[in-house]
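Input: a single structure, listed below in structure tokens.
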Amino acid sequence: MAAALAFMITVVAELIAHSRREPPLFALCLLAGLLAVAALATGGYAQIVQLNHWSRRVHNRLLIGVPGGLLMLILAAVNMYKQQAPVSRTNTPSLVASRNPYLADEDHSLFKPGWYGEGQSNGVQVVLTSFEENAAESRAFSRNTTEPVTYATLTVINLGNPQPVTLARTRVTLLLESGEEVQSMDVKPLLRLSALDSQMRQRLAEPRVIAPGMMAADIPICLNSQFRWERARAVKVSFQTGDLLIAGRVLTADEKRNLTEQAAKPQNTVTNLSAEDWFKEM
């Protein structure tokens, strides 16, 4: 019975780990290991009793329980080791780039061409920008995916809303020039196990609560590798209070630079505001 319970708990732990794409839960592995030890202990006691009072029924149970308990103990030990083993990070992006000649053309510039859209509603600002295939950000993200994708990032900033805002979904809906709607891909199944660290899980958490003055930055948005952002005219972002539609288009690197410089210029057209009024305006 103990071996059977250990087997069922191990199966549940493996199913949960497969759905989350992460190592099995340590608590379930520990419980399965304890049950496996109990199975081996009771099996050993039963074997001693067999020396004096032999029973075919007990003998048949030992043939199943003892090997099963031993196997479950080994599996539990392996799963606990996976949970505690550190993730190897020897292949840093610079080393990978030096080994792979195809990564030599990465674009490391601050401003890169790509689709850019920005919208604001009720004090909440939403920015979405895509990256070309040769962009350093896109290449770095693609190293952690199991299949090639088109990469973009979503940033939500609670600038002026006095209440926390809730991002209902990290996936977005694209409105194409043809009138069609395309939904971005679910990111978690695309990521390798080593990339699903605590920081990435926080970025992909649903729903995502954003307190006043805080932001949810660099939420990955992925689409099929064949998708072209030139087809998109707007993006719909889902909040708990409703959807926010942000329009945008593909910008060149110079256009992005000019847009950033214009936004960074100080607004000194009004000089007779008090500090309190100025802060409220900001």
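The values are calculated or read from the model by the stated rules, or taken from the named source; none is laboratory data. From a predicted model like this one, the values you see are computed outputs, not experimental measurements. Glycine gets a Cβ as well: all are built from the backbone with ideal geometry, and neighbour counts include every protein chain shown.
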I'd like to know if the stretch 49-68 contains one or more residues that are in contact with a Leu (Cβ under 7 Å, 6 or more places away or on another chain) and modelled with pLDDT of 80 or more.
yes
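Matching residues to (1) modelled with pLDDT under 80; (2) part of a helix (DSSP H, G or I); (3) over 30 Å from Glu230 (Cα atoms):
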{"residue": "Gly33", "(1), (2), (3)": "no, yes, yes"}
{"residue": "Ala39", "(1), (2), (3)": "no, yes, yes"}
{"residue": "Gly44", "(1), (2), (3)": "no, yes, yes"}
{"residue": "Leu73", "(1), (2), (3)": "no, yes, yes"}
{"residue": "Met80", "(1), (2), (3)": "yes, yes, yes"}
{"residue": "Val87", "(1), (2), (3)": "yes, no, yes"}
{"residue": "Thr90", "(1), (2), (3)": "yes, no, yes"}
{"residue": "Leu110", "(1), (2), (3)": "no, no, no"}
Of all residues being in contact (Cβ under 8 Å) with a residue 60 or more places away in the chain and not in a loop (DSSP other than H, G, I, E, B) in the stretch 136-151, which is surrounded by the fewest Cβ atoms within 10 Å (Cβ to Cβ)? Just the residue, please.
Thr145
Can you find a residue in the stretch 42-51 that is surrounded by 15 or more Cβ atoms within 10 Å (Cβ to Cβ), under 15 Å from Val78 (Cβ atoms) and not aliphatic (A, V, I, L, M)?
no
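When you scan the stretch 199-208, do you find a residue that is outside any loop (DSSP other than H, G, I, E, B), over 19 Å from Val126 (Cα atoms), within 10 Å of the chain's Cα centre (by Cα) and not aliphatic (A, V, I, L, M), even just one?
Of the residues in the stretch 199-208, the ones outside any loop (DSSP other than H, G, I, E, B) are 199-203, 208.
With over 19 Å from Val126 (Cα atoms) added as a condition, the list becomes 199-201.
Next, from what is left, pick out any that are within 10 Å of the chain's Cα centre (by Cα): 199-201.
Still in the list and also not aliphatic (A, V, I, L, M): 199, 201.
Yes, the stretch 199-208 has at least one match.
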Can you tell me which residues in the stretch 8-30 are at pLDDT 85 or above and buried (at least 16 other Cβ atoms within 10 Å of the Cβ)?
Ile9
Is it the case, given these coordinates, that Ala3 is of a type in the set (Gly, Ala, Ser), within 39 Å of the chain's Cα centre (by Cα) and part of a helix (DSSP H, G or I)?
yes
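Looking at the stretch 231-254 only, could you name the residues that are more than 13 Å from Val126 (Cα to Cα), touching a residue at least 60 places away in the same chain (Cβ under 8 Å) and surrounded by fewer than 18 Cβ atoms within 10 Å (Cβ to Cβ)?
Matches in the stretch 231-254: Gln240, Thr241, Arg249, Val250, Thr252, Ala253, Asp254.
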